[in-house]
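These notes are about the structure you will find just below.
The values are calculated or read from the model by the stated rules, or taken from the named source; none is laboratory data. Here the structure is a predicted model, which means the values were calculated and not measured. In this analysis, Cβ positions are derived from the backbone assuming ideal geometry, glycine residues included, and neighbour counts consider all displayed protein chains. What goes into the accessible areas is simple: the full protein's heavy atoms, side chains included, and nothing from ligands, DNA or RNA. Shrake-Rupley method; radii C 1.70, N 1.55, O 1.52, S 1.80 Å.
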Amino acid sequence: MMGTSVAFNFEAFLDKNFKVLLAVAILLNATALFTGVFVGDSALYADVSKYIAQKNDWLDLYAYGSDWLDKPHFPFWVAALSFKAFGINAFAYKLTALVFWLIGMLYTFKLSNLLYNKTVAQITVLIYAIALHGVIANFDVRAEPYLTALIIGALFYIYKLTDSNNWRYYLLGAIFIGCALMTKGLFVLVTIGGGLVVYWMITRDWKQFVNPKWYLLLLLSFIVILPEMYALYTQFDLHPEKLVFGEHNVSGIRFFFWDSQFGRFFNTGPIKGSGDKTFFLHTTLWAFLPWSALFVFSLFKRNKIANSKRWIVAGSALLTFILFSLSKFQLPHYIIILFPHFSMFTAVYLYSLKDKKSLKGFAITQQVIFYVAVIVVILLTYLAGLDTAVVISLALAAFIFSLFVARRKQDGEKIFFYSYAFAIVLYLFMNLCFYPFLVNYQGGSSAAKYTNSIASDIKLGMSGYSVSATTFRFNSNKPVTYLADINQVNAFLEQPNTAVFIEQNNLDSLKLMDKNVDVLQAFDDFHVTKLTFKFLNKSTRKSAVDATYLVALKK
């Protein structure tokens, strides 16, 4: 057990405030459920899941009208089940991600409690629950909410298996590991098992490398992924005639075990990227707000790890971070799977602070971060021309809250209250004001809303690989036919009672073909996950926004 801090009684504070702060964090994340799906991966994954639910085809993944070989099946299966239960909509798509986020939070608490104590576990959860990119991931849903929960759950059962042979731990551990493999692929074994290997090496427990229990766990995990193997085999390996990545004879199983993982790491696979060894260092600084300063200090504190089993978590984070940094394929949301680890490190450091000077310093730091968030919200509202009434309300609430916090005598209290004030102001603004504003500039979403309002049996198509196209098909209540090129667009429009969602270049091509095009409706369009100052600035936005169209041919 760790000693109680002299400068601040964390136990008493958490006994009084833990449930309230946790409820606030859950409600803030839940506000993401009630706005649409963003363009990019989120809309693509939602559309792939929609195909599964509508066609009852649980083996094949399709995107852009053809076989899709990129991600494993598990997140799509889960989202498709949600569509079956709640209908095909953004709420149902995001709901399962939020549920897995809650599961991840539960196992983060359970593992922290095992490694440290209940107080550290509570602090860990309060940190994890409002980390910036974790909240963003519950709005712009990809695989990370699922993967984070599955990894931390797997680490919990691995920890339990270090001194137990309970069959439940084998079974549940294998399920978590197997589902993680069916979410992201083979490299998750580095995050799940890497820390265990580090723990063996630190303790020089070499016999564990040949201990049958770990090979049994691995075997059970690979049994869990048999549905994934079967799905890949039937969609790709049984059909060498299919054209995938511009080639025939593409093996789905080989892609799962090699090309999707090592191919991306070494940049030799069909999907390539470019890497920067410092990328995740500066990414973490903003992604883990409002806790970044505390986290950085936790890394530089020289403190011997008293319980060597804590290397199961520390080694997992270290190896994964190194792996990400060396990889040639890097995206900011990858770092989210380490947020439970980072939260633990930060919680342990915060709980260990013994002097009032340190607590006061971090209280001031969190206060500054809170005020910066308020200023950013106000400036962004003015710049973008958003609803000022909402932001005035938030700013007024922030001012009143700051007066409340200033009256608190304990700096430890101020650290939590200012951090949660940051979350309340910024995340309510993001999920209820800023993100809905952005969705209005997704041409596909706007076009689907328009066609859904038309009470007719019009047949719809969409053209090309545009990011807007997937938002159109996902949000459309009517079937949408994918059209690969302008000739297919033309042939589709020649049929009676048809309309196609297209971008400017395809509209220009139709006109060059001397087609009598009837523009039924035009829609503003911008790739809202790649924001620019030109777009954000209301006075220059018009020049940054493209146009998309719903068109027909005049018969």
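Summary table
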quantity	calculated
Segment TYR382-LEU220, length gained on full extension (0.36 nm per residue, minus Cα span)	52.7 nm
With every protein chain in place, region 308-349: carbon and sulfur % of accessible area (1.4 Å)	78
Net dipole in debye of region 134-253 [+1 Lys, Arg Cβ; -1 Asp, Glu Cβ; about Cα centre; nearest 20]	480
Cβ-based charge dipole, region 362-454, positive-most Cα from ALA363, TYR441, ALA395	ALA363
Per residue accessible area of region 397-500, 1.4 Å probe, in Å²	40
Share of carbon and sulfur in the accessible heavy-atom surface of region 94-241 [1.4 Å probe, %]	69
Portion, in percent, of the accessible area of region 476-555 that falls on carbon or sulfur, probe 1.4 Å	50
Fully extended contour minus Cα-Cα distance, from TYR62 to LEU403, at 0.36 nm per residue	117.4 nm
Dipole moment magnitude, nearest 20 debye, region 1-71 about Cα centre, only Lys, Arg, Asp, Glu C-beta charged	320
Furthest towards positive pole of dipole, VAL519, THR498, THR481, structure part region 443-535, Cβ charges	THR481
Taking only Cα atoms of region 363-418, radius of gyration then Dmax in Å	12.6, 39
FRET efficiency, ASN117 to SER325 (Cβ-Cβ, R0 41 Å, nearest 0.05)	0.80
Whole-angstrom gap from region 13-56 to region 128-158, using each part's C-alpha centre	11
Formal net charge of residues neighbouring TRP167 (Cβ-Cβ distance under 13 Å; K, R +1; D, E -1)	+3
Hydrodynamic radius of the chain per Kirkwood, over alpha carbon pairs, in Å	25.4
Debye log10 I(q)/I(0) at q = 0.14, 0.15 Å⁻¹ for region 474-544, Cα point scatterers	-0.60, -0.67
Using alpha carbons only: equivalent-ellipsoid semi-axes of region 426-536, gyration tensor based, whole Å	28, 16, 11
Note, ³J(HN,Hα) from phi for region 246-252, Karplus 6.51, -1.76, 1.60, rounded to Hz, x at Gly and Pro	x, 10, 9, 6, 8, 8, x
Phi to ³J(HN,Hα) by Karplus 6.51 cos²θ - 1.76 cosθ + 1.60 over region 226-234, Hz, x for Gly, Pro	4, x, 5, 4, 5, 4, 5, 5, 6
Kirkwood hydrodynamic radius of region 132-247, Cα pairs, Å	16.0
Whichever aspartates and glutamates have a C-alpha closer than 18 Å to that of LYS160, once near sequence neighbours (fewer than 8 apart) are set aside	ASP205
Over 23 Å (Cα to Cα) - which of LYS309/LYS360; LYS301/LYS354; LYS19/LYS118; LYS277/LYS360; LYS118/LYS414; LYS16/LYS360 fall in this group	LYS309/LYS360; LYS277/LYS360
Lys/Arg +1, Asp/Glu -1 at C-beta; the chain dipole; positive extreme among PHE297, PHE100, PRO332	PHE297
Å² of accessible area per residue within region 186-249, as computed with a 1.4 Å probe and no ligands counted	57
If the convex hull is drawn through the Cα atoms of region 1-75, its volume per residue in Å³	204
Antiparallel bridge percentage (DSSP; both residues within the chain; nearest 5)	65
Inter-probe distance in nm under a simple model that places probes 7 Å from Cα toward Cβ, at LEU27 and GLN488	4.8
Residues of type lysines that LYS71 reaches as a straight line, Cα spacing below 20 Å, ignoring anything fewer than 8 places off in the same chain	LYS50, LYS55, LYS94, LYS184, LYS242, LYS272, LYS328
Sum of side-chain charges, LYS538 neighbourhood, beta-carbon under 14 Å (Lys, Arg +1; Asp, Glu -1)	+1
Net charge of Cβ neighbours under 11 Å - reference HIS333; Lys, Arg +1; Asp, Glu -1	-2
Packing-based ranking, highest mean first, of 396-402, 48-54 given that Cβ atoms within 10 Å are counted	48-54, 396-402
Charge dipole (debye, nearest 20) of the chain; +1 at Cβ of Lys and Arg, -1 at Cβ of Asp and Glu	2020
Degrees, to the nearest 10: 339-352 long Cα axis against longest axis of the chain	30
Whole-Hz couplings from phi, Karplus 6.51/-1.76/1.60, listed for region 20-26; x for Gly and Pro	5, 5, 5, 4, 4, 4, 5
Sum of -39500 (n - 2.57) over DSSP H runs of 4+, divided by residues of the chain (222 nm, nearest 500)	-19000 deg cm²/dmol
In region 449-555, lysine pairs closer than 22 Å at Cα, eight or more apart or cross-chain	16
Radius of gyration and maximum dimension Dmax of region 319-384, Cα, Å	17.1, 45
Label-point gap, in nm, between LYS534 and VAL20 - each point 7 angstrom along Cα→Cβ	4.9
